[in-house]
1. Please find, among 49, 86, 97, 121, the residue that is charged (D, E, K, R) and touching a residue at least 60 places away in the same chain (Cβ under 8 Å).
2. Among the residues of the stretch 151-170, is there at least one that is under 20 Å from residue 41 (Cα atoms), within 12 Å of the chain's Cα centre (by Cα) and β-branched (Val, Ile, Thr)?
3. Restricting the search to the stretch 89-146, which residues are in contact with a helix residue (DSSP H, G or I) (Cβ under 9 Å, 6 or more places away or on another chain), within 21 Å of residue 52 (Cα to Cα) and acidic (Asp, Glu)?
4. Could you list all residues from the stretch 27-56 that are open to solvent by less than 20 Å² (accessible area, probe 1.4 Å), assigned to a loop (DSSP other than H, G, I, E, B) and not polar (S, T, N, Q)?
5. With 26, 61 as the choices, which residue is modelled with pLDDT under 95 and touching a Ser or Thr at 6+ places or on another chain (Cβ under 9 Å)?
6. Does any residue in the stretch 20-45 that is within 16 Å of residue 134 (Cα to Cα) and of a type outside the set (A, V, I, L, M) come within less than 8 Å, Cβ to Cβ, of a residue that is at pLDDT 95 or above and open to solvent by 60 Å² or more (accessible area, probe 1.4 Å) six or more places away or on a different chain, and which pairs are these?
7. Could you list all residues from the stretch 59-69 that are in contact with a strand residue (DSSP E or B) (Cβ under 8 Å, 6 or more places away or on another chain) and either free of Cβ contacts under 8 Å to residues at least 60 places away in the same chain or open to solvent by 10 Å² or more (accessible area, probe 1.4 Å) (or both)?
8. Within the stretch 89-110, restricting attention to residues that are surrounded by fewer than 21 Cβ atoms within 10 Å (Cβ to Cβ) and among the polar types (S, T, N, Q), which residue is modelled with the lowest pLDDT?
Amino acid sequence: MHRLIVVLLALSFNATAASPPAESFARMNSAFPDIAFATPEGKAAKLSDYRGKVVLVKLWATWCGVCQAKWPGHQALYDQVKADKDVQLITISVFEDQQVSQDWVTSKGFDVPLFRNPITDRGAVPVVDGSYLFVKGTPMTFLIDRNGVLRKKVVGSAAPISAADIRGLI
């Protein structure tokens, strides 16, 4: 009888434990999760709002050495495509307060607009279906075609996505 009570107690603790949040995955040649964020002006937005454009999503953090080293290239890419109405760069910091990110970018003389992640305490970006896109390493860069399909993914110090990669999807 004592053994049965212990088993029942263990089962009840497991049943009441909080479930981890659902995870959305970014799979090549599949629809990219419809992530939610705020524009640099603070307006609520989601990836599907940019359907019809080629979108580059960059997830980064100020404390990440590789991220810092890649910023001059990211700025150069932004400068090459910012006038193109068929392209949208969405740069989102993870794991930190957005003001920290903005202060770092400004202090380095960069002017790439920063989109705002509503989650600052972990490496995740919310998805409109209630799940999360978890960051598996920084930086993470995703190239998404006009239909919302992931066409290229770069993690860490791998070769960056180029303006030619982006224009190849227009």
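1. Answer to the check: 86.
2. No: zero hits.
3. Result: no residue meets the conditions.
4. Scanning the stretch 27-56 gives 32, 33.
5. Only one candidate passes the filter, namely 61.
6. What qualifies is 34/46; 37/46.
7. Correct list: 62 only.
8. 98
The values are calculated or read from the model by the stated rules, or taken from the named source; none is laboratory data. Just so you know, these numbers come straight off a predicted model, no measurement behind them. Every residue, glycine among them, receives a Cβ derived from its backbone with ideal geometry; neighbour counts consider all protein chains shown. Protein only, heavy atoms only, side chains kept; ligands, DNA and RNA dropped before computing areas. Shrake-Rupley method; radii C 1.70, N 1.55, O 1.52, S 1.80 Å.
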